[in-house]
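Peer 1: Take a look at this one; I'll ask things after.
The values are calculated or read from the model by the stated rules, or taken from the named source; none is laboratory data. Bear in mind the structure is a predicted one, so any value in this text is a computation, not a measurement. Glycine also receives a Cβ, built like all others from the backbone with ideal geometry; neighbour counts cover every protein chain displayed.
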Amino acid sequence: MTDLVLDGVRVLELGGGIPAAFATRWMAGFGADVVRCEGPDGALTPEEEVYLLAGKRRVEASGAQLLELALRADILVEDGRPGHLARLGLAPGQLQKERPELVIVSITPFGQEGPYAAYAATNIVSFAMGGIMSLTGSPHRPPLVNGGSQAEYLGGLNAFAAAVSAYYGALVQGEGDWIDISLQECAAGMLELYASRTEYTGVGPHLRSGNHVSAVWGIYPCADGYAGVCCLGRQIPAFFRVVGDPELEEQRFVDPLERLANDDELQAKLYAWFADKRKRELLELGAAHKIPFGAVLTPGDLLENESLAERGFFDAVATPAGVARMPGRPFPGLPWRAGEFHGPGADTEAVLGEWLGVRA
Amino acid sequence: MKELPFAGVRVLDLTMMWAGPFATRLLGVMGAEVLKIESPRAWDNIRTLVPQEGIEAPWNSSFYFNYYNNDKKSVTLDLAQARGREVFLELVPHCDVVIENYRADVLENLGLGYEVLKAAKDDIIAVSMAGFGKTGSERANVGFGPIIEQMAGMASLTGYGDDGMPYKTGISYGDPIAGVSAVGAVALGLIRRRRTGHGCFIDLAQRETMATQIGEAFVVASLRGEEPAHHGNRSPRFAPQGVYRTGGVEQWIAISVRTDEEWDALALIVGATQLDGLGLAERQALHDEIDGYIERWAAEQDAQQAMEQLQAVGVPAGRVLDTQNIHDDPNLAARGFWVRLPHPRMEPWRQPAPAWRLSEANPQLRRHAPLFGEHTRAVLSELLGMTGADFAELAALGVIGDEPVNPGVG
């Protein structure tokens with residue numbers, strides 16, 4: 001036995017898209033034997049496959065063999081349409097009868113039950129229905145989907161955390177559970193203050209405000225790209241000292257309510273101030289004066305970032321197209337392994353042998 | 001009756017604002033006993049971040065604070081005072097988890113770093129959630145969710161595409177991502193402790209958990225050296241895809257076509273039958289023209305009816321639900337997602353239920369966020385056997401308190 005937290009834990013992923021694949025990605029890194037049973041072709045792009053399937057074993061199985069695999073798993077994760085498991089002959093109630101400690105996680109856009117259960121969705125549809133989109137983008141343009149496939153990753157992240165939480169519960173109590181994760185609910189429960197303010201105060205919906213919540217909370221063009229600042233009241237004095245404009249000592253910018261009333265004027269000053277600053281200079285000022293400055297960095301920038309390299313954030317994974325570098329352990333403190341990338345079906349024989357005792 | 005996964009787990013919660021409290025809210029809803037520790041002098045600013053005029057003890061009546069802090073107990077302790085620190089370290093042996101999201105140097109400055117916690121309880125599971133972690137050359141940087149999003153590569157991927165400008169996500173996106181990740185870290189720590197008897201120290205960096213949500217962009221950058229491209233609301237894989245204005249005030253619908261069949265169904269509805277039969281590449285090439293048909297159709301529709309009509313023929317479509325009408329969405333309503341939780345000082349309003357629907361353990365919101373210091377005496381009495389004389393001593397020192405000092409500071 002290694003010192004990996006999930007060493008010996010068997011996870012069956014009924015492959016679909018990002019949600020199920022991301023849910024089990026960290027389980028593989030923390031030591032679980034994650035077996036992905038391939039789903040429909042083309043559910044993941046080649047880049048998504050490299051990132052999400054590294055460290056997993058990939059099999060092709062169906063029917064009675066699939067049922068046998070499921071009954072030998074500790075955690076089962078799938079993101080098919082509602083009722084997918086039952087249609088495969090893997091109804092959760094039946095599996096739990098034979099194996100009460102099994103943790104089952106099902107991820108769908110709108111939940112296993114409800115009026116939209118049968119609705120079709122891609123990432124942008126799930127993102128729209130979760131509420132975050134109404135808050136994102138320029139007020140002068142349509143609401144904007146954010147980058148990547150965030151509604152789907154969010155579902156995968158919640159499924160991961162829910163699955164390992166339920167697995168801990170199963171270790172203590174001897175019983176697993178069936179967890180119904182809806183992408184819509186994952187997003188609808190994290191609308192910062194905006195949903196509760198609308199609902200509690202009756203002020204009407206809060207709509208998108210572009211890159212600025214206010215002048216001291218937003219993104220500005222800078223000399224070498226874009227940079228950001230996010231100040232709470234207590235951080236504003238240090239920020240204004242660094243900006244160094246004597247007018248910022250006037251009451252209309254010092255008093256929180258007056259400052260909001262003069263937000264356009266303040267933004268104009270800050271557009272001018274940021275324009276000749278470089279990202280590195282801003283980050284150094286931020287660290288020295290405890291001002292929340294940020295820089296808009298690209299994945300390429302981050303692959304060269306010293307701090308991330310010092311912390312050992314990236315894994316290197318060999319792929320047919322070369323060595324890919326990608327986010328590895330989500331947090332340090334527990335042993336992690338960078339996995340190998342396998343092709344579809346590459347591990348069918350080995351897994352059927354080890355899990356089921358089937359000899360080729 | 002099956003118990004919740006974290007039944008029997010006790011958490012010392014030093015977190016504030018959003019990322020940490022979002023994590024401990026989930027821990028509480030999933031069965032842990034969460035002791036939210038605040039100093040009378042340095043308390044969770046979320047309590048008064050949104051000013052509420054004319055409200056008595058506004059720090060107890062904040063919808064914002066309540067949203068993140070249900071199912072927790074409130075215990076005051078000033079950790080900057082020697083006596084407060086001492087009481088805290090007496091609590092540690094009674095707890096399984098200590099979690100904090102201070103700036104990277106704060107816990108060590110208080111003399112409560114991991115080694116100190118471990119000396120108090122050898123198998124403690126300690127989770128820190130600083131923006132950039134406790135090691136690495138950028139550890140001294142500070143930041144809230146939008147800064148995390150910028151520094152993690154996320155903001156660079158978002159944009160309309162025609163102006164080169166990156167965009168922030170409309171919420172402080174780094175926070176809840178770090179929060180859910182931290183719950184996973186706690187669960188893994190508990191699994192490890194059960195298997196080995198050892199505790200652990202998790203140095204979660206919010207920037208890193210955020211970057212894990214765009215992993216494929218790093219694969220693209222490292223294999224092909226490509227910079228991020230902004231697609232606006234379009235997609236290289238699905239076409240047409242976009243967000244279209246419908247009737248009503250600021251109402252929009254997202255539509256995303258995956259297959260030729262879905263396109264033919266959509267073309268029939270929006271009156272673009274002369275364009276049916278097009279494959280993906282042709283639809284991409286004619287996307288502007290196709291959008292014209294969809295825009296003219298959508299402008300005459302009710303958003304909800306348009307979504308239902310498209311979904312009825314299998315076309316992926318969804319309203320851009322806003323912060324008001326999301327509370328009336330039929331699907332969320334049927335699933336019991338919005339819950340009116342009673343509160344002693346506030347009119348009940350609709351708060352989100354847990355997105356983790358464990359069918360047997362059945363997690364629910366159980367109790368409103370605690371009033372400031374509501375459980376100080378009960379917890380210190382139950383766990384440390386303290387009595388009235390002890391509380392008088394601590395109160396006289398200002399180590400505990402029933403209301404915040406300097407309540408106007410945000």
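Peer 1: Considering each residue of segment B:144-162, count those that are touching a strand residue (DSSP E or B) at 6+ places or on another chain (Cβ under 9 Å), within 7 Å of chain A (Cβ to nearest Cβ) and of a type in the set (V, I, T), and give that number.
Peer 2: Result for segment B:144-162: 1.
Peer 1: Filter segment B:372-395 down to the residues that are under 35 Å from the mean Cα position of the chain (by Cα) and on the phi > 0 side of the Ramachandran plot and list them by number.
Peer 2: Scanning segment B:372-395 gives a single hit, B:G373.
Peer 1: For segment B:145-165, how many residues meet the condition of being more than 19 Å from A:A128 (Cα to Cα) and buried (at least 24 other Cβ atoms within 10 Å of the Cβ)?
Peer 2: Here the count works out to 10.
Peer 1: Applying the selection to segment A:1-40, what residues are more than 13 Å from every other protein chain (Cβ to nearest Cβ) and in a loop (DSSP other than H, G, I, E, B)?
Peer 2: If the condition is that a residue be more than 13 Å from every other protein chain (Cβ to nearest Cβ) and in a loop (DSSP other than H, G, I, E, B), then A:G15, A:G16, A:E38, A:G39 are the ones that fit.
Peer 1: A follow-up question, please. Do we find a residue being part of a loop (DSSP other than H, G, I, E, B), in contact (Cβ under 8 Å) with a residue 60 or more places away in the chain and either facing chain A (nearest Cβ under 7 Å) or among the aliphatic types (A, V, I, L, M) (or both) anywhere in segment B:197-211? Please lay out each step first, then the result.
Peer 2: First, the residues of segment B:197-211 that are part of a loop (DSSP other than H, G, I, E, B): B:197-199, B:204-205.
From what is left, the residues that are in contact (Cβ under 8 Å) with a residue 60 or more places away in the chain are B:197-199, B:204-205.
Checking the rest, the ones that are also either facing chain A (nearest Cβ under 7 Å) or among the aliphatic types (A, V, I, L, M) (or both) come to B:204-205.
Yes; the residues of segment B:197-211 include at least one that is part of a loop (DSSP other than H, G, I, E, B), in contact (Cβ under 8 Å) with a residue 60 or more places away in the chain and either facing chain A (nearest Cβ under 7 Å) or among the aliphatic types (A, V, I, L, M) (or both).
Peer 1: Ok, one more. Just checking, which of B:S62, B:S74 is under 20 Å from B:G20 (Cα atoms) and modelled with pLDDT of 95 or more?
Peer 2: Values: B:S62 fails: modelled with pLDDT of 95 or more.
Among B:S62, B:S74, only B:S74 is under 20 Å from B:G20 (Cα atoms) and modelled with pLDDT of 95 or more.
Peer 1: Cβ-Cβ distance below 8 Å, separation of 6 or more or different chains: which pairs start in segment B:342-365 with a residue that is on the phi < 0 side of the Ramachandran plot and end on one that is among the basic types (K, R)?
Peer 2: Within 8 Å, the pairs are B:P348/B:R340; B:W349/B:R340; B:R350/B:R340; B:Q351/B:R340; B:E360/B:K2; B:A361/B:K2; B:P363/B:R357.
The rows are residues; the columns are (1) out of contact with any Pro (no Cβ under 9 Å at 6 or more places or on another chain); (2) facing another protein chain (nearest Cβ under 9 Å); (3) assigned to a helix (DSSP H, G or I).
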site: B:R258; (1), (2), (3): no, yes, no
site: B:E282; (1), (2), (3): yes, no, yes
site: B:I294; (1), (2), (3): no, no, yes
site: B:V315; (1), (2), (3): yes, yes, no
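Peer 1: Looking at A:A162, A:A166, which one is within 24 Å of B:L188 (Cα to Cα), crowded, with 24+ Cβ neighbours inside 10 Å, in contact with a Pro (Cβ under 6 Å, 6 or more places away or on another chain) and in contact (Cβ under 8 Å) with a residue 40 or more places away in the chain?
Peer 2: Step by step, each of A:A162, A:A166 is checked, and only A:A166 is within 24 Å of B:L188 (Cα to Cα), crowded, with 24+ Cβ neighbours inside 10 Å, in contact with a Pro (Cβ under 6 Å, 6 or more places away or on another chain) and in contact (Cβ under 8 Å) with a residue 40 or more places away in the chain.
Peer 1: Filter the helices (runs of 4 or more DSSP H) completely within segment A:54-106 down to those with at least 3 residues that are farther than 28 Å from A:A118 by Cβ. Quick ask: steps written out before the conclusion?
Peer 2: Values: elements: A:63-71, A:84-87, A:92-98.
Correct list: A:63-71.
Peer 1: Oh, and also: Any residue in segment A:153-172 that is in contact with a Ser or Thr (Cβ under 6 Å, 6 or more places away or on another chain) and either assigned to a loop (DSSP other than H, G, I, E, B) or within 7 Å of chain B (Cβ to nearest Cβ) (or both)?
Peer 2: Filtering segment A:153-172 for residues in contact with a Ser or Thr (Cβ under 6 Å, 6 or more places away or on another chain) gives none.
No: segment A:153-172 contains no residue that is in contact with a Ser or Thr (Cβ under 6 Å, 6 or more places away or on another chain) and either assigned to a loop (DSSP other than H, G, I, E, B) or within 7 Å of chain B (Cβ to nearest Cβ) (or both).
Peer 1: So which helices (runs of 4 or more DSSP H) stay within segment A:244-323 end to end and still have 2 or more residues that are at the interface with chain B (Cβ under 9 Å from one of its Cβ atoms) and within 33 Å of the chain's Cα centre (by Cα)?
Peer 2: Output list reads A:279-289, A:299-303, A:306-310.
Peer 1: Right, here's the next one. I want to confirm something. Restricting to segment B:10-66 and keeping residues that are under 27 Å from B:V186 (Cβ atoms), among the small types (G, A, S) and touching a residue at least 24 places away in the same chain (Cβ under 8 Å), which single residue is surrounded by the most Cβ atoms within 10 Å (Cβ to Cβ)?
Peer 2: B:A23
Peer 1: Related question: Out of all the residues in segment B:324-380, which are part of a helix (DSSP H, G or I), closer than 13 Å to A:E199 by Cβ and either of a type outside the set (S, T, N, Q) or more than 10 Å from chain A (Cβ to nearest Cβ) (or both)?
Peer 2: B:I326, B:H327, B:D328, B:L332
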